């Protein structure tokens, strides 16, 4: 019986803590997701370009 009461109390405490969290609105999440995706694409293209240039440089060097 004590275990059931303990589980119920834990569930109530978890619900209280989750209600204290300030969740972001959907539009803010979308803005940040798009920013991360754009930054990832930019750095991927940039590093691919640097890799290509270095590859061409070392091919000509040999």
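List pairs: first residue in region 20-35 and without any contact (Cβ under 8 Å) to a residue 60 or more places away in the chain, second residue outside any helix (DSSP H, G or I) and surrounded by 10 or more Cβ atoms within 10 Å (Cβ to Cβ) anywhere in the structure, Cβ distance under 9 angstrom, at least six positions apart or on different chains.
Note: pairs meeting the criteria are 32/24.
Does any residue of region 7-26 turn out to be assigned to a helix (DSSP H, G or I), under 18 Å from the mean Cα position of the chain (by Cα) and modelled with pLDDT of 90 or more?
Within region 7-26, one or more residues are assigned to a helix (DSSP H, G or I), under 18 Å from the mean Cα position of the chain (by Cα) and modelled with pLDDT of 90 or more.
Can you say whether residue 54 is exposed (fewer than 10 other Cβ atoms within 10 Å of the Cβ) and either in contact (Cβ under 8 Å) with a residue 12 or more places away in the chain or on the phi < 0 side of the Ramachandran plot (or both), as far as the supplied structure shows?
no
The values are calculated or read from the model by the stated rules, or taken from the named source; none is laboratory data. Here the structure is a predicted model, which is why all the values come from computation and not from measurement. Note that each Cβ is placed from the backbone with ideal geometry, even for glycine, and that neighbours are counted across all protein chains shown.
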